[in-house]
Amino acid sequence: MGTDASGTNGNISDRSSREWCDEALNRLNAGRPESALDAARHAADLDPGAEWAYRLISLAHERLGRDADAAPAAERAVRLAGGSWPARLRLASVLRRLPGRWRDAVEQAALAARFAPEEPGPEVALGDLALLRGDHAGAERAYRAALALHPGHPQARVNLGLSLLRWEPPRPHHDPAWPVDPRQTGRARRALEVWSRQVRLLTAVATLAIVGAALFLDWGAQAQLSGFALLVLLVPLTVRQARRVGVWSYVPAMLGRDPWLGAAAGSAAVSAAAFAAWLLLGAMPSVPPVFDPIWAGLAGIVVLGWPALAAVRALAEAWRGRPLKALAEIGRVRTDTPPAQAERVARRDAVVTLWVVLARTWSVLVPLVGGALAVEPGAAVAALAVPYPMVRGYLRVRPRGDRWLAVATALVVLSALACALGGLSPALGLQEDRAAWAWRAGLGAMGAAVAVFAVRAARAWWRGGPGPWRSSLLMCDLPVGAEPSVALDPEVRQTFSYARSVVLSYGDSLGPRVAGAVASVTSSGELRVIMESEAWEAVEEDPRVAVFAADPLQRRFWVEVRGIALADADVLRVTPKQVLVGEFPGRHQRR
C-alpha cells in the first residue's frame, strides 16, 4: 500500500470521494496545487457526479496558471449542479480570464448572486468584474452590498479601496469584454508607446543639437540638413511600428480607454509636426521678427512637451480618486484577521495610497508657500492645516516596512511648520535672520521630500519591487468556489425514496405557496422534482425552493431540503443548499 507526496495513504479505495475532496482542499490551502490536483482527480474518479471535485480540479489548474485547463472542469461542475452558486462563481472566475468569455463570466456571477443573495461572494465577484472594466461606481455598489452581508470580507474591503482610488488594471487600454486576445492589444499598445517615445526623444535631442551647433559651432546650415534627414528617418520608423500594431480596428477604443496612451501618441504627432515647422521657419532666407516667438514656441513644444506631459500626469494621478476614504477601508482589513494573502495586499496598497496622499499634500503646499512668499508671507500660516489629512491617514494605517515613507512624511510636516513659522515671524517678533532661516528650512525640507521620493522610486525600479506610484497597487483576488457541496446522507435519501407525499414550497408575487410533488434523489445528490405546471413560472422567477418529505418507515422523521430549482425538460433539478431534519413533534436541527 503506497503513500502519496504528502505522506498520507495513497490507496484511493481507502477513502471516499468527499474525503479526497477534503484532502485536495487542505493541499490547496497549504500551497500545493499540483498535489491538490491529484487528490481532486481521485475524488472525481471515485464519484463522477461529484461537482465539488470538479470545482477543486478547476481551482488547482487556476492556481497553476492553466486557465484554459480550468474552464472544462468548471463547466462540468455547472452541468452536474446547475443550481450550485459556488460552481457558478468558480466558472465566472475562470471565464473572466479567457478572451471572448467576459459576458459569460458576468452572467455566471449574476446567477450566483441570484442563487445565493445571502452570500457576499457573488457580490464581490460582480464588483471585481466591474472594477476590471473601469466601472468604479458599479464596483463600489457591489462591494458595499457584499460588506452589508459580511462586514469583515477582506477582498471586498481592499477592492472597495481600489474603486475609491479609481484604480486602473495593469492593462487599462484593453476592455476584457473584447473578443480579441489581450496579448494582441498589448503588442499594439507597446508599438504605439515605442513609436511615441522614439519620436519625442529624437526630435527633442535633434532640436537641442541643431540649436547648439548653430550658436556655438556656426554650423546652422549643416544642422538644419541633418534635421530634415531626421524627418525622413521618421517615416520608416513609423511604418515599422505601424506594422506591429496589427489590430488597428481596436486602436481608437484603446486610446479612449487609456487617455495617457492617447496623450503620448498625440504628443508624438504634435512634436513631429512642430519640429518640421520649426525647421521650415529656420530655413527661410528672411523671417520677419514677428515670427520669432512662434519659432521659439515650436522649439519649446518639441523639447518641453515630454516633461510637461509627465508633470501633468503625475499631478493628475495624485488627485485622482478619494485616497483618504480608500485608506479607511483598506485599514480595516488588518483588524479582521484576514487570510495572509489579503493582508499582504492590504499592507502594500495602504503604503502606496499613503504615497499618493503625500504627493497630493506636497502639490498643495508648494503653491501655497510660493504664493505666500510672493504676495503675503503671513498667509503661510495656512500651511499648518495642509499635512493634517496625511498625518491622520498615516496614524490610522501605521504602515510597516517603508522607512522612506516615514521620512518623506516627516519632511513635509517639517516644511509646513517651518514655513508657517517664517510667515508668522513679524507677529511673533522674530528677527529677520531667524525668519529667513525658517523659510530656508521649510523650502529645504520640501525639496528633500522630493529627493526622498526620487531615491525610493529609483530603489524600487532597480530592485524590481513595488514603487511609490499607482501602478504598484494590487487587486485582492482570493480563490473562489472551493466551498464543500451539501451532501445528502443515507437517511435523507431513504426519506425521499420511500416518502408517500412530497411538498414543494416556493414563492410568487402573492407570497409563499406550496404544491404537491414527486421527488427522487440522483447519484450526484440532486433532487428531481415533478410538480404542477402552474408553479413553473414562479420557480423560474425565484428559483429558491424548499422540498419537504416524511419517512413512512420512521413516522416521526422528516426532512426539508432548501435549494435552487432549475428546469430540465419536464422536471425540476433542485441543488441542495441546506438540509434540515427532525422528528414529529420536536425541535429540528440543521445539517
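Yes/no per residue for (1) over 20 Å from Ala310 (Cβ atoms); (2) in the same structural domain as Leu281 (by TED's automatic domain parsing); (3) more than 27 Å from the chain's Cα centre (by Cα):
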residue: His174; (1), (2), (3): yes, no, no
residue: Ala188; (1), (2), (3): yes, yes, no
residue: Phe216; (1), (2), (3): yes, yes, yes
residue: Ala221; (1), (2), (3): yes, yes, yes
residue: Phe228; (1), (2), (3): yes, yes, yes
residue: Arg240; (1), (2), (3): yes, yes, yes
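Residue pairs whose Cβ atoms lie under 6 Å apart, separated by 6 or more positions or on different chains, with the first residue in segment 223-245 and under 17 Å from Ala273 (Cα atoms) and in a helix (DSSP H, G or I) and the second of a type in the set (A, V, I, L, M) and at pLDDT 90 or above, do not occur.
Per the listing Arg200, Arg257, the residue uniquely on the phi < 0 side of the Ramachandran plot, of a type in the set (Lys, Arg), touching a Ser or Thr at 6+ places or on another chain (Cβ under 7 Å) and surrounded by 15 or more Cβ atoms within 10 Å (Cβ to Cβ) is Arg200. If you go through segment 466-499 and keep only what is closer than 28 Å to Pro86 by Cβ and of a type in the set (S, T, N, Q), you end up with Ser485, Gln494, Thr495, Ser497. Where residues in segment 429-466 are assigned to a loop (DSSP other than H, G, I, E, B), within 25 Å of the chain's Cα centre (by Cα) and free of Cβ contacts under 8 Å to residues at least 60 places away in the same chain, which of them is farthest from Ala416 (Cα to Cα)? My answer is Gly464.
Here is a yes/no grid of residues against (1) of a type in the set (Val, Ile, Thr); (2) touching a residue at least 60 places away in the same chain (Cβ under 8 Å):
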site: Leu478; (1), (2): no, yes
site: Pro484; (1), (2): no, yes
site: Leu488; (1), (2): no, yes
site: Arg493; (1), (2): no, no
site: Phe496; (1), (2): no, yes
site: Leu510; (1), (2): no, no
site: Ala535; (1), (2): no, no
site: Val559; (1), (2): yes, yes
site: Arg562; (1), (2): no, no
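Applying the criterion of being surrounded by fewer than 24 Cβ atoms within 10 Å (Cβ to Cβ) and within 14 Å of the chain's Cα centre (by Cα) to the residues of segment 133-153, the residue that is farthest from Asp175 (Cα to Cα) is Glu140. Criterion applied to Val581, Val518, Val514, Val503 was being crowded, with 18+ Cβ neighbours inside 10 Å and either modelled with pLDDT of 85 or more or more than 19 Å from Phe115 (Cβ to Cβ) (or both), and the one residue passing it is Val581.
The lone criterion from (1) modelled with pLDDT under 80; (2) not assigned by TED's automatic domain parsing to the domain that holds Ala359 left unmet by Asp336 is number (2). No other residue among Pro479, Pro490 is surrounded by fewer than 15 Cβ atoms within 10 Å (Cβ to Cβ) and under 30 Å from Arg562 (Cβ atoms) apart from Pro490.
Is there a residue being under 19 Å from Gly121 (Cα atoms), basic (Lys, Arg) and at pLDDT below 95 anywhere in segment 66-88? There is no residue in segment 66-88 that is under 19 Å from Gly121 (Cα atoms), basic (Lys, Arg) and at pLDDT below 95.
None of Asp402, Asp433 is of a type in the set (Asp, Glu), over 22 Å from Gly331 (Cα atoms) and out of contact with any Ser or Thr (no Cβ under 9 Å at 6 or more places or on another chain) except Asp433.
Among the conditions (1) closer than 23 Å to Leu164 by Cβ; (2) surrounded by fewer than 20 Cβ atoms within 10 Å (Cβ to Cβ), the only one that Ala340 does not satisfy is (1).
The values are calculated or read from the model by the stated rules, or taken from the named source; none is laboratory data. Computed from a predicted model, the values in this text were never measured in an experiment. Quick reminder, even Gly has a Cβ in these numbers, built from the backbone with ideal geometry, and neighbours come from all protein chains shown.
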